[in-house]
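Heads up: the structure comes next, in structure tokens.
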Ligand SMILES: C[S@@+](CC[C@H](N)C(=O)[O-])C[C@H]1O[C@@H](n2cnc3c(N)ncnc32)[C@H](O)[C@@H]1O
């Protein structure tokens, strides 16, 4: 045995465990508003952070120490002050933007809370159903994706499909499958006021949130949200654009569901697909983003598909398997879109 490799790996072990705790501490920073409280304020004493946040002093003190230890906050031992650097605030205290990472931290406790149930499923099969995740899972999914949808979906993403933009500009119809809490339809409704939108999702609590958001955002007359599968829509309903954002890999019956999506497209209509950005080959997925996605897969996407009797395709479907799946569902055109993203792959699918 190579002792130096043991030492090297021991370092990795502690780095990874510390990373998990850092994610937990950062979750608290997002959830309690501590990052936002400190953003743009420069150096702050403990008392100043406590006063500005209205939180319990001893918790704040220990949290500040942990975040200094993890390198998230700067610390001045002479002045006993803590600073959230502007560059860190850009990612941690920027809710509503397309560069906010708070949703990823938010997802960690929700996903890891089902770890014992997932471990049981390794032996017994099945999995953890979407309904069995804590409520915060929905908040996390919304926080992870909302900024990108609100700031990038219409421009520049959809511009890659000019025929869809033309149809929606002329009062067309779009369907969002696996719509979750509805931000795709709501964003599109604001951009295309003469078009109409339907969102469908099997998760009733997500649909309830989507309906509330549509009301709050003033687009309820343009957007309807339906709890159930595609079969819950009127038989003849057809759409110029169907979006399937971050959900194909979750389906319990992927091929059949994609076949039903195809049946719902108008002639010449397009299915816009967003899937996580991973390589087809495992050897090319040795990087932090892919590791994160394999975790999302085991603790969320794969397990909830298996819980519903599905194949558990998992988060890391990759482009080749995505294309094969769509072609086996009957689509004849599969076009990877040249949209830049660290975390997503984009496809326009037709035929
Ligand atoms: C990871 S979430 C993505 C939600 C949303 N599209 C987004 O990008 O934020 C996947 C969603 O797919 C939904 N889903 C899974 N299977 C479905 C099916 N067969 N029909 C409709 N929705 C489904 C889940 O309930 C969940 O809300």
Fill in: Failed item in (1) in contact (Cβ under 8 Å) with a residue 60 or more places away in the chain; (2) over 17 Å from residue 180 (Cβ atoms); (3) in a helix (DSSP H, G or I); (4) in contact with a strand residue (DSSP E or B) (Cβ under 9 Å, 6 or more places away or on another chain), with residue 261 passing the rest
(2)
Worksheet entry | Of residues in the stretch 201-226 being farther than 24 Å from residue 151 by Cβ and touching a helix residue (DSSP H, G or I) at 6+ places or on another chain (Cβ under 6 Å), the one farthest from the ligand (Cβ to nearest atom) | 226
Discussion item. Restricting to the stretch 105-130, give me the number of residues that are assigned to a helix (DSSP H, G or I), touching a helix residue (DSSP H, G or I) at 6+ places or on another chain (Cβ under 6 Å) and closer than 17 Å to residue 141 by Cβ.
Written reply: 8
Discussion item. Of the conditions (1) touching a helix residue (DSSP H, G or I) at 6+ places or on another chain (Cβ under 9 Å); (2) under 24 Å from residue 258 (Cβ atoms), residue 163 satisfies every one except a single condition; which number is it?
Written reply: (1)
Worksheet item: Given the conditions (1) surrounded by fewer than 21 Cβ atoms within 10 Å (Cβ to Cβ); (2) at positive phi, and given that residue 337 satisfies all but one, which numbered condition is not satisfied?
Response: (2)
Worksheet item: What number goes with the only condition from (1) within 10 Å of the ligand (Cβ to nearest atom); (2) within 27 Å of residue 341 (Cα to Cα); (3) in contact with a strand residue (DSSP E or B) (Cβ under 8 Å, 6 or more places away or on another chain) that residue 229 does not pass?
Response: (2)
Worksheet item: Hey, among 315, 291, 322, which residue is more than 18 Å from residue 230 (Cβ to Cβ) and loosely packed, with under 15 Cβ neighbours inside 10 Å?
Response: 291
Worksheet, complete the sentence: Out of (1) more than 16 Å from the ligand (Cβ to nearest atom); (2) free of Cβ contacts under 8 Å to residues at least 60 places away in the same chain; (3) under 23 Å from residue 210 (Cβ atoms), the one residue 123 does not meet is (3)
Fill in: Test set (1) in the same structural domain as residue 232 (by TED's automatic domain parsing); (2) closer than 24 Å to residue 301 by Cα; (3) assigned to a helix (DSSP H, G or I) - residue 159 fails condition number
(2)
Worksheet item: Do we find that residue 152 is touching a strand residue (DSSP E or B) at 6+ places or on another chain (Cβ under 6 Å), surrounded by fewer than 20 Cβ atoms within 10 Å (Cβ to Cβ) and in the same structural domain as residue 216 (by TED's automatic domain parsing) in this structure?
Response: no
Practice prompt. For the stretch 241-259, enumerate the residues that are under 25 Å from residue 195 (Cα atoms), surrounded by fewer than 24 Cβ atoms within 10 Å (Cβ to Cβ) and either modelled with pLDDT under 95 or near the ligand (Cβ under 9 Å from one of its atoms) (or both).
Written response: 245, 246, 247, 257
Worksheet item: Scanning for something touching a helix residue (DSSP H, G or I) at 6+ places or on another chain (Cβ under 9 Å) and assigned to a helix (DSSP H, G or I), does the stretch 93-101 turn up at least one residue?
Response: no
Practice prompt. Could you please find all residues in the stretch 299-331 being closer than 13 Å to residue 253 by Cα and either without any contact (Cβ under 8 Å) to a residue 40 or more places away in the chain or touching a strand residue (DSSP E or B) at 6+ places or on another chain (Cβ under 8 Å) (or both)?
Written response: 326
Response to the item:
Reported set for the stretch 264-290 where residues are part of a strand (DSSP E or B) and more than 13 Å from the ligand (Cβ to nearest atom) is 265, 266, 267, 268, 269, 270, 271
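The values are calculated or read from the model by the stated rules, or taken from the named source; none is laboratory data. Treat the numbers as computed from the prediction; the structure is a model and nothing was measured. Here the Cβ is made from the backbone with ideal geometry for all residues, glycine too, and neighbour counts use every protein chain on show.
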